[in-house]
Amino acid sequence: MPGLVIVGAQWGDEGKGKVVDLLAERADAVIRFQGGNNAGHTIVRGDEVFKFHLVPSGILYPGRPCVVGNGVVVDPRVLTDEIDGLRKRNIDLSGLRISANAHLIMPYHLLLDQAGEARLGKREIGTTKRGIGPCYADKAARLGIRVQDVLDEKILKQKITAAIEPKRQALRDYAKDPLLDLHTMTEDYLAFGHRLAPYIADTPPIAWRALDEGKLVVFEGAQGTLLDIDHGTYPFVTSSNPVAGSACVGAGVGPKSIDEVWGVAKAYSTRVGAGPFPTELHDAVGERIQRAGGEFGTTTGRPRRCGWIDLVALRYAVRVNGLTGLVITKLDVLTGIEPLRAAVRYTGPEGASFDDFPYHQSVLHRARGDYEELPGWEEDVTGARTLADLPANARALLELIEQRLDTPVVMVGVGPGRDQMIWTDAAESVRSRARVA
Ligand code: GDP
Ligand code: IMO
Ligand code: MG
């Protein structure tokens, strides 16, 4: 105790990386539990910007145990590049551990992801084309290659042979692609195995030990609740479970190990890729948010769709994650926008009104936000360090969020820098409950 789960409460890119980095200072371990290098987590430290795709966001604290959990899908090419990049920047990687049970993204997963999107044409999901979906599909089909397999040439070859066979049809256009050559693939992956071997471990005991000793363990989610394969806007979702329940499965701990679940949400909404987005803006305000918030994907560079904060979707996120706290980020981006809006209900087809997040896809695709309007503020909030430093209208927005979601706001982001965060007493108390690692 305490185990603290950090999840995205919207469609990803809420600022989870920054929050995990801040909490990691007092944590004994940080564990990524799902997703892969579809994630892009940004941490700004002074003039330096770090973008992590696979390495957990606690790695900037020298020696901090940082685990890539069994629930993550690992592209070893990306992970070794990330390791090399961090080494060049003199980051101590001695705490990095990679679960031997995590699944590997293989070259054919990348090709299948591309081919799948091409086949869908205009109906594409807008995936990151990193092979995430096909890798999780192979995991479920029991055709996955796991991290431990790259430590044994014979097993690796057997497993790749078995995995490729059923894909021949789907990949016939790529039949001559050198990436698909069994020999080359085996050699490449053995080489990755060699490079990653010092980090490969049986990882759940790292969490068990820290939790037994009463230290703070931060479980780092990727993507966001509405991209969850079960609870999100299917099929416009990712292929894993970014919700809090998945922290247990993806790290190897039981539900009783989780004390707190904090959802990270922007003071507005964004989404990358296709799919329903009831509060999306197609006007100058949306463009302004995109510009002021730098809303371009960390992983793919695609512009993020922008809209108002959606309290209907967030209320749903509170329930499916069991959120005990909310971290509201990017409040500074709303400065100068007049008036502000927050969706408190949806209007669906034929004028029907929805207080709760609709389960039905054809309703959700046509749902539009009904807004409560709030006065904005002109004051610069980037220097605020306590709630009292904020303009009254900014506090009123936070109060509306707390009241509508019946969940306390525990931290508030007012800029990308690590010091640009308001810590409430509730957040401080979790931080101080942790024994210093
Ligand atoms: P993640 O995927 O949830 O970790 O989020 P990303 O890193 O993809 O996107 C969040 C972006 O917002 C990053 O560029 C952060 O540096 C930046 N950011 C985080 N918190 C704040 C904040 O409070 N204000 C501003 N202006 N930027 C922030
Ligand atoms: P972080 O962790 C935002 C989106 C993609 C696409 C859908 C499926 O940085 O918040 P995938 O490649 O996962 O099969 O794509 O999910 N997506 C994200 N959007 N942030 C992310 O991660 C995302 N990871 C995937 O844009 O719509
Ligand atoms: Mg991101």
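The values are calculated or read from the model by the stated rules, or taken from the named source; none is laboratory data. The structure displayed is predicted, hence computed values, not measured ones. Reconstructed Cβ throughout: ideal geometry from the backbone, glycine too, with neighbour counts over all protein chains shown. In case anyone asks, the SASA skips ligands and DNA or RNA and just uses the protein heavy atoms, side chains included. Shrake-Rupley method; radii C 1.70, N 1.55, O 1.52, S 1.80 Å.
In table form, for the structure just shown:
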quantity: Per-selection Kirkwood Rh - the stretch 95-235 (Cα, Å, 1 d.p.); calculated: 17.1
quantity: Additional length obtainable on full extension of the chain from Thr161 to Ala137, 0.36 nm per residue less Cα span; calculated: 7.0 nm
quantity: Angle in degrees between helix 76-88 and the longest Cα principal axis of the chain, rounded to the nearest 10; calculated: 70
quantity: The stretch 1-73 - percent relative contact order, Cα under 8 Å, separation 6 or more; calculated: 34
quantity: Assigned charges on the beta-carbon of Lys, Arg, Asp, Glu; the chain dipole about Cα centre (debye); calculated: 1100
quantity: Three principal axis lengths of the chain [C-alpha, angstrom, descending]; calculated: 65, 53, 40
quantity: Probe 1.4 Å, accessible area per residue of the stretch 189-326, Å²; calculated: 36
quantity: Accessible area in square angstrom per residue, the stretch 131-187, 1.4 angstrom probe; calculated: 60
quantity: Accessible area per residue, Å², the stretch 23-90 with all protein chains present, probe 1.4 Å; calculated: 31
quantity: Top positive-direction residue, dipole computed over the chain with Cβ charges, set Gly8, Ile145, Val67; calculated: Ile145
quantity: Projected area averaged over orientations for the stretch 31-106, convex hull of C-alpha atoms, nm²; calculated: 4.6
quantity: Longest to shortest principal axis, alpha-carbon extents of the stretch 380-437, angstrom; calculated: 38, 27, 17
quantity: Under the Debye formula (equal points on every Cα, no solvent term), log10 I(q)/I(0) of the stretch 277-367 at q = 0.11, 0.12, 0.25 Å⁻¹; calculated: -0.38, -0.45, -1.28
quantity: Charge dipole (the chain, unit charges on Cβ, about Cα centre) - positive-most of Leu196, Pro339, Ala427; calculated: Leu196
quantity: Rg to Rh, two decimals, where the stretch 17-68 supplies the alpha carbon set and Rh follows Kirkwood; calculated: 0.93
quantity: Unit charges at the beta carbon, dipole of the chain: most positive-side option, Val412, Thr329, Gly35; calculated: Gly35
quantity: Whole-Å semi-axes of the stretch 162-219's equivalent ellipsoid (Cα gyration tensor); calculated: 39, 15, 9
quantity: Rounded to the nearest 20 debye, dipole of the stretch 384-437 from Cβ charges on Lys, Arg, Asp, Glu; calculated: 240
quantity: Folded to 0 to 90 degrees: helix 107-120 orientation relative to the chain principal axis, Cα; calculated: 50
quantity: Cα-derived Rg over Rh, computed across the stretch 210-257 with Rh taken as Kirkwood radius; calculated: 1.08
quantity: Using alpha-carbon coordinates, inclination of helix 153-164 to the longest axis of the chain, degrees; calculated: 60
quantity: For the stretch 198-313: span of alpha carbons on each principal axis (Å, largest first); calculated: 52, 32, 26
quantity: Entries in Lys16/Lys330; Lys129/Lys330; Lys139/Lys159; Lys122/Lys167 that, when Cα-Cα distance is taken, lie over 21 Å; calculated: Lys129/Lys330; Lys122/Lys167
quantity: Rounded to 5, the percent of DSSP beta bridges in the chain classed as antiparallel; calculated: 40
quantity: Charge dipole magnitude, Cβ of K and R +1, D and E -1 - the stretch 304-437, Cα centre, debye nearest 20; calculated: 680
quantity: Apportionment of accessible area to carbon and sulfur, the stretch 96-163, percent (1.4 Å); calculated: 52
